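Everything on this sheet refers to the single structure shown next.
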Amino acid sequence: MKIAISGKGGVGKTTLASLLAMVYAEAGYKVIAIDANPDANLALALGIPLEVAEQITPIIELQDLIYERTGAKPGTIGGTFKLNPRVDDIPDRFSTERSGIKLLVMGTIKGPLAGCVCPESAMLKALLMHLILRRDEVVILDMDAGVEHLGRGTAQGVDAFVIVVEPGQRSLQTARAVKRLSQGLGITRCYGVGFKTKSEADRQFIRDNLPELPILGFIDYDEGIAQADAQGLNVYEAVPQVAQSVKGVSDKLEKLLSKEP
């Protein structure tokens with residue numbers, strides 16, 4: 001199972017990514033969680049202590065490794081370097097593990113990534129292609145509101161593109177834009193998850209305004225999520241009722257995917 005999660009900033013993408021990772025890990029699957037969000041904090045959402053999280057070096061900042069694998073110094077634009085560097089050992093060598101989940105922090109290229117011909121871009125794209133197309137673990141990809149990290153070939157290996165949305169017009173607008181971008185890469189299995197809903201009216205608002213996006217479920221607003229964040233706790237373990245909602249999301253996703261050709 002390879003799941004990419006996107007949506008407007010602040011809607012709960014990282015929280016959902018951590019929760020889904022925990023659901024699959026608890027079910028006995030090997031899980032790799034990828035933090036490809038510019039505001040990287042998936043480590044904390046997984047319950048990795050702050051002092052450990054702060055020591056994680058994003059893959060994009062491993063300059064010696066990038067030079068070794070691509071043959072070009074990071075920051076080089078154009079020129080000659082390997083477009084398909086070796087990356088198969090990176091998940092095991094450079095991940096941080098928590099509760100059976102391997103976390104990889106990708107990092108962000110300073111400047112526009114789309115169309116960037118540089119060693120960092122080659123490394124990131126090769127690593128994502130390896131993780132999505134060649135590894136047999138469950139892969140959960142926490143992204144921003146774009147699809148820049150995914151090339152067309154990699155994107156088509158994603159089993160599901162999950163767009164997180166809250167009951168508000170800006171979030172809905174972003175969800176529609178993300179769906180268009182993902183479809184442009186050939187991703188046809190796009191689903192939504194409602195977050196921070198407080199009533200049936202909120203849930204219906206999302207359904208009515210996103211008829212083109214099958215909704216996997218809703219994670220209602222819960223003060224426990226904010227409290228867990230403030231204390232650096234894993235939401236899945238700290239707020240059992242939220243964990244149950246996410247299990248429902250996971251179950252529906254698997255049922256829908258089983259019906260796909």
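The values are calculated or read from the model by the stated rules, or taken from the named source; none is laboratory data. Given the structure is predicted, the values throughout are model-derived calculations rather than measurements. As a convention, Cβ positions derive from the backbone with ideal geometry for all residues, glycine included, and neighbour counts pool all protein chains shown.
The figures follow:
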read-out	value
Members of the stretch 156-188 that are touching a residue at least 40 places away in the same chain (Cβ under 8 Å), surrounded by fewer than 21 Cβ atoms within 10 Å (Cβ to Cβ) and closer than 26 Å to Ala122 by Cα	Gly157, Asp159, Ala160
The stretch 14-35 residues that are within 16 Å of Ile225 (Cα to Cα), paired with ones that are hydroxyl-bearing (Ser, Thr, Tyr) and buried (at least 21 other Cβ atoms within 10 Å of the Cβ) (beta carbon under 7 Å, 6 or more apart)	Ser18/Tyr236; Leu19/Tyr236; Met22/Tyr236
Contacts under 9 angstrom Cβ, first residue in the stretch 47-68 being in contact (Cβ under 8 Å) with a residue 24 or more places away in the chain, partner part of a loop (DSSP other than H, G, I, E, B) and of a type in the set (D, E, K, R), 6 or more apart	Ile66/Lys73; Tyr67/Lys73
Some residue of the stretch 194-213 being more than 30 Å from Pro49 (Cβ to Cβ) and in contact with an Asp or Glu (Cβ under 6 Å, 6 or more places away or on another chain)	yes
Conditions (1) modelled with pLDDT of 90 or more; (2) of a type in the set (A, V, I, L, M); (3) surrounded by fewer than 16 Cβ atoms within 10 Å (Cβ to Cβ); number of the one not met by Ala230	(1)
Looking only at the stretch 129-154, and only at residues there that are modelled with pLDDT of 85 or more and not hydrophobic (A, V, I, L, M, F, W, C), the one that is surrounded by the fewest Cβ atoms within 10 Å (Cβ to Cβ)	Asp136
